[in-house]
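The values are calculated or read from the model by the stated rules, or taken from the named source; none is laboratory data. All values derive from a computational prediction rather than experimental measurement. Counting neighbours? That spans all protein chains shown, and the Cβs are built from the backbone with ideal geometry, glycine included. Remember, those area values only see protein heavy atoms, side chains included, never the ligands or the DNA or RNA. Shrake-Rupley method; radii C 1.70, N 1.55, O 1.52, S 1.80 Å.
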Amino acid sequence: MSVQIIVGAQWGDEGKGKIVDHLSEKVDIVARYQGGANAGHTVVIGEREYVLHLIPSGIFHPHVRCVIGNGTVIDPIALMDEIKQLQQLHVDIEGRLLISHHAHLIMPYHKLLDTIREQTSEKIGTTGRGIGPAYIDKVMRVGIRIVDLLDRTVFVAKLKRNIEEKNKILKKIYGNPELDVEKIVDEYEEFDKKIDEYVTDTSLYLNTALREGKRILAEGAQGALLDVDHGTYPFVTSSNPTSGGACTGLGIPPTSVNSVVGVVKAYSTRVGNGPFPTELSDPIGDRLRATGGEFGATTGRPRRCGWFDAVSLRYSVMVNGIKEIAVTKLDVLDEFDHIKVCTGYEVNGKRLRTFPTDVHTLDDVTPIYETFDGWETSTSSLTSYADLPANARRYLEALASLTGTELWIISVGARRDQTIFVD
Ligand code: IMP
Ligand code: MG
């Protein structure tokens, strides 16, 4: 039994795409367990940059099979675009992509409702990809799943019922024009013909593979602090990026999981609204954004930037069961003379020992920082841990000891060869 889970341990955009691509070399299957086209996983191969939204980041390794699990929500338009893009780049996906028949479909009304809700005062700062509304329908038990496409009568009936209800909401609550059922049916029939070859019972597939001794990487999207149960609710996404989500989102047993790796950025970023204790709304924050190229891969939005937060990380390590971390974008800190790490929170003069997930307390905390000397030299061409400047190693080792983890991978650039394994 061999499953390794790769989770984002912060607010997403930690560089999971790069790490998963790298680790894919040594596995048989990469399986994505939650989220949808809200994710943007960037993989750089040679001089080319690829941004994946739904397809697992193992797709660039020809020997790897890629699974989109039942826990995901699939936007047919985004998926077809992504498949087309890969075909144009001559990435052969024939027989290598498997999509769960239990994954839910994102319909045009989900995107519309997402966008409309974001115009109200209860704005979350979503990606506008229809993620929340699609998961609402899943939990409401009115969602349309990939399997429903197999039977036209069932599909059309479900769609009609949904559209009737959504039209009432759109018209009566939001004063929006109504949607045309026939047009949507036609669009989805087109999709149905194209997707058929990929659809299967992926839980059965994965469990069979496990029995045969195959190695599986479970790829999370977003990050633990955006988890709908464990994140900074309500400023979260609508699924479970934490490691537990891998079991429910793929239909594999917890006993098959060997390890959980947390991907963390050497500093912090967040896109969208919600508390962010170490945020820097100053020239240092701007410098992190500019040097780190911190703009959303899906929406292009500038990311909020700040120092590494060991308090939230300790929480993330606990909830996910992280033993090893992969620290990304270390090179972004190369030119800083001083680097800070948040080691505690203070609220009303009292020090907090644990991470408060309620947003009101989090909004009020003052971070307590420890300052480290920078290394002020480029790390981007280094290939061994021992070659890193002493101050860089000191910084990394502090991150590990403050969060109770071990350093496994250090990434010093976007390319595959800019990856250091720590023995
Ligand atoms: P949604 O997932 O589009 O509903 O957005 C909910 C929150 O999660 C917003 O703050 C988004 O910015 C954030 N979010 C969603 N996907 C990602 C991601 O892949 N990286 C970083 N933040 C994300
Ligand atoms: Mg991203």
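Report whether or not residue 198 is away from ligand 2 (no atom under 16 Å from the Cβ), open to solvent by less than 20 Å² (accessible area, probe 1.4 Å), within 25 Å of residue 96 (Cα to Cα) and at pLDDT below 95. Criteria not met by residue 198. With respect to the conditions (1) open to solvent by 40 Å² or more (accessible area, probe 1.4 Å); (2) within 15 Å of ligand 1 (Cβ to nearest atom); (3) in a loop (DSSP other than H, G, I, E, B), residue 297 lacks only one, and its number is (1). Scanning the range 204-245 for residues that are away from ligand 2 (no atom under 16 Å from the Cβ), in a helix (DSSP H, G or I) and either hydroxyl-bearing (Ser, Thr, Tyr) or touching a helix residue (DSSP H, G or I) at 6+ places or on another chain (Cβ under 9 Å) (or both) yields 205, 206, 207, 208, 210, 244. The residue that is nearest to the chain's Cα centre (by Cα), counting only those in the range 399-423 that are in a loop (DSSP other than H, G, I, E, B) and under 20 Å from residue 335 (Cα atoms), is 414. Residues in the range 38-69 that are within 17 Å of residue 245 (Cα to Cα) and in contact (Cβ under 8 Å) with a residue 60 or more places away in the chain were compared, and the one that is nearest to ligand 2 (Cβ to nearest atom) is 39.
Restricted to the range 265-294, and to residues there that are more than 16 Å from ligand 2 (Cβ to nearest atom) and hydroxyl-bearing (Ser, Thr, Tyr), the residue that is surrounded by the fewest Cβ atoms within 10 Å (Cβ to Cβ) is 281. For first residues located in the range 291-318 and free of Cβ contacts under 8 Å to residues at least 12 places away in the same chain, partners that are within 15 Å of ligand 1 (Cβ to nearest atom) and lie 6+ apart or on another chain with Cβ distances below 8 Å form the pairs 295/289; 295/301; 295/302; 295/303. Answer yes or no as to whether residue 233 is within 16 Å of ligand 1 (Cβ to nearest atom) and surrounded by 19 or more Cβ atoms within 10 Å (Cβ to Cβ). It is false that residue 233 is within 16 Å of ligand 1 (Cβ to nearest atom) and surrounded by 19 or more Cβ atoms within 10 Å (Cβ to Cβ). For the range 133-180: of the residues being among the β-branched types (Val, Ile, Thr) and touching a residue at least 24 places away in the same chain (Cβ under 8 Å), which is most open to solvent (accessible area, probe 1.4 Å)? The extreme case among them is 136. Being in contact with a Cys (Cβ under 6 Å, 6 or more places away or on another chain), within 21 Å of residue 234 (Cα to Cα) and touching a residue at least 40 places away in the same chain (Cβ under 8 Å): is that true of residue 363 here? It is false that residue 363 is in contact with a Cys (Cβ under 6 Å, 6 or more places away or on another chain), within 21 Å of residue 234 (Cα to Cα) and touching a residue at least 40 places away in the same chain (Cβ under 8 Å). Scanning for something in contact (Cβ under 8 Å) with a residue 40 or more places away in the chain, in contact with a His (Cβ under 6 Å, 6 or more places away or on another chain) and among the small types (Gly, Ala, Ser), does the range 94-117 turn up at least one residue? Looking through the range 94-117, none of the residues is in contact (Cβ under 8 Å) with a residue 40 or more places away in the chain, in contact with a His (Cβ under 6 Å, 6 or more places away or on another chain) and among the small types (Gly, Ala, Ser). Among the residues of the range 114-136, those identified as among the hydroxyl-bearing types (Ser, Thr, Tyr) and near ligand 1 (Cβ under 7 Å from one of its atoms) are 126, 127.
Taken over the range 387-398, residues that are open to solvent by less than 80 Å² (accessible area, probe 1.4 Å) and either closer than 14 Å to residue 340 by Cα or assigned to a helix (DSSP H, G or I) (or both) amount to 7. Of the strands (runs of 3 or more DSSP E) lying entirely inside the range 327-380, those containing at least 2 residues that are at pLDDT 95 or above and closer than 22 Å to residue 230 by Cβ span 338-347.
Select, from 237, 208, 255, 242, the only residue that is touching a Leu at 6+ places or on another chain (Cβ under 9 Å) and not aliphatic (A, V, I, L, M).
237
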